[in-house]
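Chemist: Submitted below is the structure of interest, expressed as structure tokens.
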Amino acid sequence: MILTDALVQHLLKRAMVARMATVSRSGRPHVNPNYFVVDDSRLWLGTTTGTLAARNVAVNPAVQLLFEIEEDPTDSRLMRITGTAAIRTEPDLLKEYKRRDVRKYFRSLRGLLMSFRHLHRVFLTSKYLSTSDPANRHCVIEVEPTKIEILG
């Protein structure tokens, strides 16, 4: 199964949050929710280089992403994507990620409804991402899928 499969595309369009599991240098697991967008054969998750997720990816690129359809309680399917992640900080890529992120989460009815439901998270995220610390720069965690599973 690949990202361009119809069922995978359908689930990715309906999911609004990716829960990303990473592993630290010492082997400790960490799960973090992230907004995400799809770029052809890869997934992009926005964050900053100082987050635990980004630091973990820097030392261990193996990740798993879990997607669920939160807005529809009758759809119990989950999608798990296993892949290899990389930290990307190129200005053009960050600009493209931001453009797609705004379109998905703030210029769509579903995105706006989700943002209003989780308004506290939107404010916390914007506060966290408005960093001026050069050691904590904006970045995209780019995930190249190696395995895609539909569960449930």
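The values are calculated or read from the model by the stated rules, or taken from the named source; none is laboratory data. On a predicted model such as this, the values are computed, not experimentally measured, just so you know. When we count neighbours, we look across all protein chains shown, and the Cβ atoms used for this are built from the backbone with ideal geometry, even at glycine. For the accessible areas, the whole protein counts, side chains as well, though only heavy atoms, and no ligand, DNA or RNA atoms are used. Shrake-Rupley method; radii C 1.70, N 1.55, O 1.52, S 1.80 Å.
Chemist: Starting from the range 1-81, pick out the trypsin sites (Lys or Arg not before Pro) whose DSSP state is loop and whose Cβ has at most 14 other Cβ atoms within 10 Å.
Modeler: Hits after loop and neighbour filter: ARG25.
Chemist: Can you find, among SER24, LEU11, GLY46, the residue farthest towards the positive end of the dipole of the range 1-98? Put +1 on the C-beta of Lys and Arg, -1 on that of Asp and Glu.
Modeler: SER24
Chemist: Compute the accessible area per residue over the range 1-66, keeping the other protein chains in place, probe 1.4 Å, unit Å².
Modeler: For the range 1-66, the per-residue accessible area is 47 Å².
Chemist: Only loop residues by DSSP count here, and only those with at most 15 other Cβ atoms within 10 Å; note down the GluC sites (Glu not before Pro) in the range 1-76 that meet that.
Modeler: Here the GluC sites (Glu not before Pro) that fit, given the DSSP loop and packing criteria, are GLU70, GLU71.
Chemist: Rounding to the nearest 20 debye, state how big the charge dipole of the range 29-107 is about its Cα centre with +1 on each Lys and Arg Cβ and -1 on each Asp and Glu Cβ.
Modeler: So the magnitude is around 280 debye.
Chemist: Could you pull out every residue, at least 5 positions away or on a different chain, whose amide H is within less than 5 Å of the one on GLY50? Hs are placed 1.01 Å off N in the peptide plane, and Pro or chain starts have none.
Modeler: Those qualifying (amide H under 5 Å, at least 5 residues apart or on another chain) are ARG137.
Chemist: Using θ = phi - 60° and the Karplus form 6.51 cos²θ - 1.76 cosθ + 1.60, what ³J(HN,Hα) does each residue of the range 89-96 get, whole Hz, x for Gly and Pro?
Modeler: 10, 5, x, 5, 5, 4, 5, 5
Chemist: What length, rounded to one decimal in nm, is gained on full extension from ARG137 through to ARG55, with 0.36 nm per residue of separation minus their alpha-carbon distance?
Modeler: Length gained between ARG137 and ARG55: 28.3 nm.
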